[in-house]
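Reading through the structure tokens given below for one structure.
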Amino acid sequence: MLALTGEIRRWEPRRLRLRLFSTAAQIVTTARSRHLRLAAHWPWTDVITTALARLRTLPNPG
């Protein structure tokens, strides 16, 4: 919930699970890193990418 804003933040848990956790994506392993490759045609790809970007900007709690 820290990363979501606007109307998306008010989604019910069932709707949030359906839209965010059923995303078309692949986990790609290259060299020593793993990347999450989201499908460009998925309607909520921009929501997920902005949420992940906002989480990266949060300070490290530990």
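Assorted remarks:
- Number of the exception - I27 against (1) more than 11 Å from the chain's Cα centre (by Cα); (2) assigned to a loop (DSSP other than H, G, I, E, B): (2)
- Exactly one residue out of T23, T50 is on the phi < 0 side of the Ramachandran plot, touching a residue at least 40 places away in the same chain (Cβ under 8 Å) and polar (S, T, N, Q): that is T50.
- Taken over region 12-34, the criterion of being at pLDDT 90 or above and either surrounded by 10 or more Cβ atoms within 10 Å (Cβ to Cβ) or of a type in the set (S, T, N, Q) (or both) is satisfied by V28, T29, T30, S33.
The values are calculated or read from the model by the stated rules, or taken from the named source; none is laboratory data. Note that the structure is a prediction, hence the values are computed from the model and not measured. When we count neighbours, we look across all protein chains shown, and the Cβ atoms used for this are built from the backbone with ideal geometry, even at glycine.
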